[in-house]
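The values are calculated or read from the model by the stated rules, or taken from the named source; none is laboratory data. Everything numeric in this text was worked out from a predicted model, so none of it was measured. Cβ sites come from the backbone with ideal geometry, for glycine too, and all protein chains shown count toward neighbours. Please note that ligands, DNA and RNA were not included when accessible areas were found on the heavy atoms of the full protein model with its side chains. Shrake-Rupley method; radii C 1.70, N 1.55, O 1.52, S 1.80 Å.
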Amino acid sequence: MSSASTARDRFARWLDADDDGDALRIYRRVFAAIWVAYDVVDLVWGMTERSRIWFPHERSADLVALQAVLVVSGAMLALGRFVWISGMVAALARGAEAFGYFALNDFFFASAVYLILAHSDGGPWGRGRRPRWVRDTLLAQLAWIYVATGILKLNPDWLDGGQLFVRSQYLWNGQNWPYPAVVEKALSSVAVDARLAQAGAVSEIVLGAVLFARRPYWLAAALVLGIHGFGALVTNVWFFSASMAAGVLIL
């Protein structure tokens, strides 16, 4: 048997294999619930609307309708109802939001995850299955994100702490972000920001490697909680942080 046919056979077996655990179903519900919460807040407060056009203006009816579709499809996915169609609709709607209204990396990420999760119940022709390839693909995606972003941060603009300094000072001075005094003092030091930035880049690369290796779990858990706990509290990145942490901890 040739190596090509052996590879095809292995690939076919991988596609047909089922995941024994319940992690995929749990992650699907948690991920969808996180983004439903985001979309409800976004719909009520109009964050994407304000980010798209800063000056006062009438709300876009098309964007409101798109956000309503995201709430409904996400809720259905979280409830485990009509998983394939709900996931596909959510993926298309989130992609339309990213391409048509606000090109936020978080939106592109969520659209890709929705597209994969649409197949987490077996797809349109195999309802009730938990395909292994879905979980493997999600983990590979997470690993790649951490490795790629960590490597991209290995440049002077990030490593010297300037970007972290500007972001934290904007939140502190412009948005009255409630940093504890000791945290505010630390982040006001570019030298401290540089050390934190360097630690963040290295941590992301290490976490990506751990995810590719699938072990050890304790190290992955510690790194993801540290990375995204810091990211959420210090740089005000909440929903993306929760999505990534949930993927690592559950999958």
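Specify the residue that is modelled with the lowest pLDDT; the eligible residues are those in region 161-185 that are charged (D, E, K, R) and surrounded by 12 or more Cβ atoms within 10 Å (Cβ to Cβ).
Quick first cut of region 161-185, residues charged (D, E, K, R) only: 167, 184-185.
Now narrow it down to the ones that are surrounded by 12 or more Cβ atoms within 10 Å (Cβ to Cβ): 167, 184.
Values: Arg167: 86, Glu184: 83.
Looking at the filtered set, the residue picked out is Glu184.
Number of residues in region 85-102 that are open to solvent by 20 Å² or more (accessible area, probe 1.4 Å), among the hydrophobic types (A, V, I, L, M, F, W, C) and out of contact with any Lys or Arg (no Cβ under 8 Å at 6 or more places or on another chain) equals 6.
For (1) under 27 Å from Arg29 (Cβ atoms); (2) of a type outside the set (Gly, Ala, Ser), each residue gets a yes or a no:
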| residue | (1), (2) |
| --- | --- |
| Ala194 | no, no |
| Gly200 | no, no |
| Tyr217 | yes, yes |
| Ala222 | yes, no |
| Phe230 | yes, yes |
| Asn236 | yes, yes |
| Phe240 | yes, yes |
| Met244 | yes, yes |
| Gly247 | yes, no |
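Restricting attention to region 51-71, the residues being crowded, with 18+ Cβ neighbours inside 10 Å and in a loop (DSSP other than H, G, I, E, B) number 0.
Test Ala110 against the stated conditions and say whether it is touching a residue at least 60 places away in the same chain (Cβ under 8 Å) and under 16 Å from the mean Cα position of the chain (by Cα).
On the way: touching a residue at least 60 places away in the same chain (Cβ under 8 Å): yes; under 16 Å from the mean Cα position of the chain (by Cα): yes.
The answer is yes for Ala110.
Annotation: Gly80 fulfils all but one of (1) at pLDDT 95 or above; (2) surrounded by fewer than 16 Cβ atoms within 10 Å (Cβ to Cβ); the unmet one is (1). Looking at region 120-160 only, could you name the residues that are of a type outside the set (Ser, Thr, Tyr), open to solvent by less than 50 Å² (accessible area, probe 1.4 Å), assigned to a loop (DSSP other than H, G, I, E, B) and in contact with a Lys or Arg (Cβ under 9 Å, 6 or more places away or on another chain)? Correct list: Asp121, Gly122, Gly123.
Among residues of region 1-50 being touching a helix residue (DSSP H, G or I) at 6+ places or on another chain (Cβ under 9 Å), open to solvent by 60 Å² or more (accessible area, probe 1.4 Å) and in a loop (DSSP other than H, G, I, E, B), the one that is farthest from Ser111 (Cα to Cα) is Met1. Residues in region 206-218 that are open to solvent by 50 Å² or more (accessible area, probe 1.4 Å) and touching a residue at least 12 places away in the same chain (Cβ under 8 Å) were compared, and the one that is farthest from Asn155 (Cα to Cα) is Arg214.
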